[in-house]
Amino acid sequence: MEIVVVGRHTEVADRFRRHAEDKLAKIEQLAPTAQRVDVEVTHENNPRQSGNRERVELTVRDKGPVVRAEAAADDRFGALDLALDKLIERLRRANDRRKNRFRNPTPMDTVDVRPFVPTPTPEPVAPTAPSEPGETVETQLGDSPVVIRQKLHSASAMTIDDALYEMELVGHDFFLFIDADTARPSVAYRRRGWTYGVIALDTACSLEAAAVAVEAARSV
């Protein structure tokens with residue numbers, strides 16, 4: 001399992017890299033087929049955020065859904081520990097779900113996905129937009145201090161239940177997906193407690209088009 005440590009707007013010392021590699025070695029017990037773990041370290045320069053100035057995001061790349069966790073603290077070693085605790089809990093939940101599905105398989109209905117209807121060729125994408133799945137691009141909005149972070153993700157049809165499950169694995173409050181029952185681009189989002197909501201667009205798309213066109217801008 002490869003462990004990749006990168007810094008965003010900060011330098012990462014070898015001491016921290018070695019510490020992260022030692023800590024993350026235990027992930028192989030819960031995710032034996034994991035190919036890579038990405039560790040992204042971010043430093044916050046705002047003095048008002050001194051208590052959370054170091055942020056660590058962990059992402060497990062496996063054959064199944066991406067599992068992600070992040071945390072912030074006054075030092076990156078503490079942030080790593082907090083993020084790792086969250087990640088381990090999500091990996092355990094993912095393992096429990098796989099075991100339950102293996103014991104109680106649910107028959108899958110045939111999905112009737114509408115054929116893709118060609119649309120007029122769009123204008124060329126700006127050079128600052130991501131063009132490959134997994135690519136991340138940050139763009140400053142004009143002369144303002146606003147920075148927009150864009151990510152491009154591959155899409156596959158899934159049920160609402162699976163969408164909520166994957167949303168919990170990455171620790172976000174929303175999740176963009178293609179509804180397997182309607183073939184519509186949809187967003188699942190967290191409300192209060194164990195209540196969720198789903199918003200869908202009044203249009204259907206083919207999975208081939210969705211794999212290229214679906215964007216999920218996930219705040220970091």
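Any idea what the relative contact order of the range 13-97 is, in percent, if you count C-alpha pairs under 8 Å spaced at least 6 apart?
Averaging sequence separation for qualifying contacts and normalising by length gives 24 percent for the range 13-97.
Which percent of the accessible area of the range 2-100 is formed by carbon and sulfur heavy atoms (probe 1.4 angstrom)?
Heavy-atom surface of the range 2-100 belonging to carbon and sulfur, 1.4 Å probe: 42 percent.
What residues from the range 77-101 fall in the zone where the backbone N is under 14 Å from a label point 7 Å along the Cα-to-C-beta line of Asp161?
97-101
Can you work out ³J(HN,Hα) from phi for every residue in the range 29-46, in order, using Karplus 6.51 cos²θ - 1.76 cosθ + 1.60 and θ = phi - 60°, giving whole Hz and x for Gly and Pro?
Here the 3J(HN,Hα) series is 5, 9, 9, x, 9, 4, 8, 7, 10, 8, 10, 10, 10, 10, 10, 9, 7, 5 Hz.
As I understand it, the dipole of the range 2-100 uses +1 on the Cβ of Lys and Arg and -1 on the Cβ of Asp and Glu, about the Cα centre. Which of Gly78, Gln29, Ile3 lies farthest toward its positive end?
Toward the positive end, the furthest listed residue is Gln29.
How many nm is it between the label spots at Arg15 and Glu132, if each spot is 7 Å from the Cα in line with the beta carbon?
Result for the modelled spin labels: 3.5 nm.
Under 13 Å from a point 7 Å along the Cα-to-Cβ line of Val4: which residues of the range 136-174 have their amide N that close?
Only 136 pass the distance filter.
Name the lysines eligible as straight-distance cross-link partners of Lys99: C-alpha to C-alpha under 19 Å, and not fewer than 8 places from it in the same chain.
Lys63
On a 1.4 Å probe surface of the protein chains, which of Arg53, Arg17, Arg149 comes out largest in accessible area, and what is the full order?
Sorted descending by solvent-accessible area, the residues read Arg53, Arg17, Arg149.
The values are calculated or read from the model by the stated rules, or taken from the named source; none is laboratory data. Here the structure is a predicted model, which is why all the values come from computation and not from measurement. In this analysis, Cβ positions are derived from the backbone assuming ideal geometry, glycine residues included, and neighbour counts consider all displayed protein chains. We work out accessible area using only protein heavy atoms, side chains counted, and drop any ligands, DNA or RNA first. Shrake-Rupley method; radii C 1.70, N 1.55, O 1.52, S 1.80 Å.
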